[in-house]
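The values are calculated or read from the model by the stated rules, or taken from the named source; none is laboratory data. What you are looking at is a predicted structure, and each value in this text was computed from that prediction instead of being measured. Don't worry about glycine lacking a Cβ; one is built from the backbone with ideal geometry, like all the others, and counts go over all protein chains shown. What goes into the accessible areas is simple: the full protein's heavy atoms, side chains included, and nothing from ligands, DNA or RNA. Shrake-Rupley method; radii C 1.70, N 1.55, O 1.52, S 1.80 Å.
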Amino acid sequence: PLKGASEIATVLFVWLVMLGVAAAAYDKLHPRVDVIAQLVPIKLRIALEIVIMVFVISLLIYFTISGWGFTWSSGRQKWTGLFQISYVYVYLALPIGFGLMLLRVLYHFVLDTKAFIEEWKQKSHVNS
């Protein structure tokens, strides 16, 4: 086996996972359970969707900020074995991945909120 192959594979795996998470957010491919949301009235569904999105955005902000702190506090103290790469470069995948995901979720939040408002207006016109 190649010396250092597992080391490089580990670094690349971390980056691949975090960039994959951000890419999945780009196309809204993360799994979600929306059976309950489909069964409730439109006004409650809109409110529920907005609350969930605000919660997800809050978590992503927390993970991004925590990721930066973790990267700089822990990463500078640790080096990979053979290549002596600072773990800052490994851990940097966390705030970058969460930050990219946050940007995409914020984008979808704005678009979805506009769509919910339009849907609500249409339902209100039909009912009146």
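Percent of Cα-Cα pairs more than 14 Å apart in the range 37-78, please.
63
When you take every Cα atom in the range 1-65, what is the radius of gyration, and what is Dmax, the widest Cα pair distance, in Å?
So, for the range 1-65, Rg and Dmax equal 18.1, 60 Å respectively.
Where is the GNM fluctuation largest for the chain (alpha-carbon springs, 10 angstrom cutoff): Ala23, Ala37, Ala93?
Largest GNM mean-square fluctuation: Ala37.
P(r) of the range 53-115 in 10 Å steps, Cα pairs, percent per bin?
For the range 53-115, the binned pair fractions read 23, 38, 22, 12, 4, 0 percent.
Within the range 32-65, list the trypsin sites (Lys or Arg not before Pro) lying in a DSSP loop whose Cβ has at most 11 other Cβ atoms in a 10 Å radius. Walk me through the numbers before you get to the answer.
Numbers: sites: Arg32, Lys43, Arg45; in loops: Arg32.
Sites meeting the loop and neighbour criteria: Arg32.
At 37 °C and 0.692 mPa s, grab the translational diffusion coefficient of the chain from Stokes-Einstein with a Kirkwood Rh over Cα pairs, rounded to a whole number in µm² per second. Mind dumping the intermediate values first?
On the way: Rh = 17.2 Å.
In µm²/s, the coefficient is 191.
Tell me the carbon and sulfur percent of the accessible area for the chain, rounded to whole percent, probe radius 1.4 Å.
So the carbon and sulfur contribution to the accessible surface is 72 percent.
With unit charges on the beta carbons (Lys and Arg positive, Asp and Glu negative) and the dipole taken about the Cα centre of the chain, which residue among His125, Val33, Val51 sits farthest to the positive side?
Val51
Quick one: how many lysine pairs in the chain have C-alpha atoms under 15 angstrom apart, if they're 8 or more apart or on different chains?
Final tally of qualifying lysine pairs is 4.
Calculate the FRET efficiency for Thr10 and Lys123 from the Cβ-Cβ distance with a Förster distance of 35 Å, rounded to the nearest 0.05.
Efficiency for this residue pair is about 0.10.
Accessible area per residue, 1.4 Å probe, Å², for the range 1-89: what's the number?
Result: 72 Å² of accessible area for each residue.
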